[in-house]
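Novice: Quick one: the structure is below, and I'll ask about it shortly.
The values are calculated or read from the model by the stated rules, or taken from the named source; none is laboratory data. On a predicted model such as this, the values are computed, not experimentally measured, just so you know. Neighbour counts are summed over all protein chains in view; Cβ atoms, including those assigned to glycine, are modelled from backbone coordinates with ideal geometry. Accessible surface areas use protein heavy atoms only, side chains included; no ligands, DNA or RNA. Shrake-Rupley method; radii C 1.70, N 1.55, O 1.52, S 1.80 Å.
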Amino acid sequence: MTEQRKGRITKIIGNMVAAQTDAHIIQNEVAFILHGKERLKSEVIRIRGNLAEMQVFENTSGLKIGEEVEFTGELLSVDLGPGLLGQIFDGLQNPLPDLAKECGFFLKRGVYLEALSSESKWEFTPLVKSGARLRAGDRIGFVPEKIFKHYIMAPFHLAGHLELTRISPKGSYSLKEPIAQLKDEEGRFHDVFLKQTWPIKIPIQAYAEKLKPQEPLVTKMRLIDSLFPVARGGTYCVPGPFGAGKTVLQQLTSRHAEVDIVIIAACGERAGEAVETLKTFPEIIDPRTGKPLSERTVIMCNTSSMPVAARESGVYTAVAIGEYYRQMGLNVLLLADSTSRWAQAMREMSGRLEEIPGEEAFPAYLESRIASFYERAGIVRLRDASIGSLTIGGTVSPAGGNFDEPVTQATLKVVGAFHGLSRERSDARRYPAIDPLISWSKYPGFIEEKQEDRGHQILRKSYEAAQMMKVIGEEGTSLPDYIDYLK
Ligand SMILES: Nc1ncnc2c1ncn2[C@@H]1O[C@H](COP(=O)(O)OP(=O)(O)OP(=O)(O)O)[C@@H](O)[C@H]1O
Ligand SMILES: [Mg+2]
């Protein structure tokens, strides 16, 4: 690293730090703030002339004006490779159990560990021969990971046609050893490792074609599958007032939904809840495989007590991991709980940047951020004709259960199914508290459209009858109305 890639702090507002620098700073690059022996990770989110403004992923108390900042020139990235399954990460992809081993249960700031152990060995089997013509995302070989074949693919960032100039024979390799070499169209050579890194905010698009989500995804939740189906590669949201059962509904979906891999992005939820999930998860036996459920899940955990900026990165890291497994032809389900907390983190940062606020002080780009997050879902045909999908389900927790607030509205514009929870139903302990009168889905389900409409009609009639009964009592209700009510 050259001397010029450095700067000095000129302003600190909460977790927003500005630094004066002569270097050519890249938007969204990672910078480290040097505070004594600590190196605090941050991301450049705005550049004005030679002033770089960064969001720091750690508590910033104690930082001083004039302290040094080191710019890395690399975008905020995620490590993709074998060993992700079964892991519990924080928003910056630090494995939490290892972090606890390293520094006890009270997390220290400025400690960053390897997301994937570079020491452990994986049994690699090549699938192509030297001289093969490849493109980014094509399969080079595989290693076994839990119950899956984890395909090792040509790095996604390489452009154009690639020639395989060398490939290692079948054997055991660590993540540090190059297992192949590719030559690009310009004659440059690139080593291929079992692991690759990818900038989290850019979608992985090394596939042939994005298809329309049409095939239903079985969640095993009767109300959802019958009346408000979710499609493989589709998107859905679960808004509901506090304590209406959003988290429980997502946990049930994570266990029973018919997908290969589940990624859980716990974003700004209570720490106690997260601890419970982490404790109970390894004990749960997967109804599909008979093995622990944690063998096919990845958990990104950012509780409300952790720094807000890391929430944003946690959500994107989770999506990038989802896209990575989709590239292997697997069906992936990403559950984000809750996207409102993520939006609040955005609002906090936007306030510190003194941007002009939009509705309810959320930034003006709230809608486009939410849209671009859900747009990363999808069912795709890969270049070898296999199909992979990434389905995204997010919960929204609007204050007071008011669905007219900006986050719910922005989410509704982009998702394909809406499962609105109602306070009335959850108070009556009718779980899942999905309100059939306000919920909808654009995806085709198992049930014929006509019958589905009939179902909705009956529900509406029954609701009307119930409302009427409140006024005129049971005696005054006609028999057909009463039957509708009972339905
Ligand atoms: N399907 C269910 N079956 C039984 N009990 C449920 C169910 N769903 C929710 N509950 C009950 O409701 C409580 C609150 O649920 P949950 O934590 O999922 O709410 P939430 O909507 O995520 O709340 P918050 O907005 O505070 O995160 C649970 O602790 C549980 O007692
Ligand atoms: Mg919850």
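Novice: Hey, among Leu334, Leu293, Leu330, which residue is at pLDDT 95 or above and surrounded by fewer than 24 Cβ atoms within 10 Å (Cβ to Cβ)?
Specialist: Only one candidate qualifies: Leu330.
Novice: From Ile321, Ile379, grab the single residue that is open to solvent by 10 Å² or more (accessible area, probe 1.4 Å) and either over 26 Å from Val230 (Cβ atoms) or in contact with a strand residue (DSSP E or B) (Cβ under 9 Å, 6 or more places away or on another chain) (or both).
Specialist: Ile379
Novice: Inside the stretch 84-109, can you point out the residues that are open to solvent by less than 20 Å² (accessible area, probe 1.4 Å) and at positive phi?
Specialist: Result: Gln93, single match.
Novice: Evaluate the following for Ile438: is it open to solvent by less than 30 Å² (accessible area, probe 1.4 Å), of a type in the set (Val, Ile, Thr) and closer than 25 Å to Ala244 by Cβ? Let's see the steps before the verdict.
Specialist: Working: open to solvent by less than 30 Å² (accessible area, probe 1.4 Å): no; of a type in the set (Val, Ile, Thr): yes; closer than 25 Å to Ala244 by Cβ: yes.
Here the answer is no, as Ile438 does not meet what is asked.
Novice: Please work out which residue is most open to solvent (accessible area, probe 1.4 Å), limiting yourself to the stretch 217-230 and to residues that are out of contact with any strand residue (DSSP E or B) (no Cβ under 6 Å at 6 or more places or on another chain) and not β-branched (Val, Ile, Thr).
Specialist: Looking at the filtered set, the residue picked out is Arg222.
Novice: Under 6 Å by Cβ, and 6 or more places apart or on different chains, what pairs join a residue from the stretch 276-304 that is more than 18 Å from Ile261 (Cβ to Cβ) with one that is in a helix (DSSP H, G or I) and of a type outside the set (Phe, Trp, Tyr)?
Specialist: Final answer for the pair search is Asn302/Ala310; Asn302/Arg311; Asn302/Gly314; Thr303/Ala271; Thr303/Ala274.
Novice: Follow-up question, since we're still on this one. Taking into account only those residues within the stretch 49-76 that are under 15 Å from Tyr112 (Cβ atoms) and assigned to a strand (DSSP E or B), which is least open to solvent (accessible area, probe 1.4 Å)?
Specialist: Going through the qualifying residues, I end up with Val56.
Novice: I would also like to ask the following. Only residues that are open to solvent by less than 60 Å² (accessible area, probe 1.4 Å) and touching a residue at least 60 places away in the same chain (Cβ under 8 Å): list them for the stretch 119-151, please.
Specialist: Trp122, Phe124, Ala136, Gly137, Asp138, Arg139, Val143, Glu145, Phe148, His150, Tyr151
Novice: Considering (1) more than 9 Å from ligand 2 (Cβ to nearest atom); (2) buried (at least 21 other Cβ atoms within 10 Å of the Cβ), say which one Lys246 fails and leave the rest.
Specialist: Lys246 satisfies all of (1) more than 9 Å from ligand 2 (Cβ to nearest atom); (2) buried (at least 21 other Cβ atoms within 10 Å of the Cβ) except (1).
Novice: Pick from the stretch 231-243 the residues that are in a strand (DSSP E or B) and closer than 17 Å to Val319 by Cβ: which of them is farthest from ligand 2 (Cβ to nearest atom)?
Specialist: Ranking the qualifying residues of the stretch 231-243, first place goes to Thr235.
Novice: Then there is this: Can you say whether Ser462 is touching a Leu at 6+ places or on another chain (Cβ under 9 Å), at pLDDT below 80 and not assigned by TED's automatic domain parsing to the domain that holds Ala231, as far as the supplied structure shows?
Specialist: So Ser462 passes the test.
Novice: When residues of the stretch 327-347 are filtered for being within 15 Å of ligand 2 (Cβ to nearest atom) and either hydroxyl-bearing (Ser, Thr, Tyr) or more than 19 Å from Thr235 (Cα to Cα) (or both), how many remain?
Specialist: 4
Novice: So is Ile204 touching a Phe, Trp or Tyr at 6+ places or on another chain (Cβ under 8 Å) and either of a type in the set (Lys, Arg) or away from ligand 2 (no atom under 16 Å from the Cβ) (or both) or not?
Specialist: Values: touching a Phe, Trp or Tyr at 6+ places or on another chain (Cβ under 8 Å): yes; either of a type in the set (Lys, Arg) or away from ligand 2 (no atom under 16 Å from the Cβ) (or both): yes.
Criteria met by Ile204.
Novice: Across the stretch 253-289, what is the number of residues that are open to solvent by 50 Å² or more (accessible area, probe 1.4 Å) and not in a helix (DSSP H, G or I)?
Specialist: Residues meeting the conditions: 6.
Novice: Please determine whether any residue of the stretch 89-110 is at pLDDT below 90 and among the aromatic types (Phe, Trp, Tyr).
Specialist: Among the residues of the stretch 89-110, at least one is at pLDDT below 90 and among the aromatic types (Phe, Trp, Tyr), which makes the answer yes.
Novice: What are the residue pairs meeting all of these: first residue in the stretch 244-261, first residue in contact (Cβ under 8 Å) with a residue 60 or more places away in the chain and closer than 22 Å to Val396 by Cβ, second residue acidic (Asp, Glu) and within 8 Å of ligand 1 (Cβ to nearest atom), Cβ atoms under 9 Å, and 6 or more apart or on different chains?
Specialist: Filtered contacts from the stretch 244-261: Lys246/Asp337; Thr247/Glu269; Thr247/Glu273; Thr247/Asp337; Gln250/Asp337.
Novice: So, one more: Working carefully through the options Ser350, Ser368, find the one that is assigned by TED's automatic domain parsing to the domain that holds Cys267, more than 16 Å from ligand 2 (Cβ to nearest atom), free of Cβ contacts under 8 Å to residues at least 60 places away in the same chain and surrounded by 15 or more Cβ atoms within 10 Å (Cβ to Cβ).
Specialist: Ser350
Novice: Just to be sure, is Leu211 surrounded by fewer than 22 Cβ atoms within 10 Å (Cβ to Cβ), within 16 Å of ligand 2 (Cβ to nearest atom) and of a type in the set (A, V, I, L, M)?
Specialist: The answer is no for Leu211.
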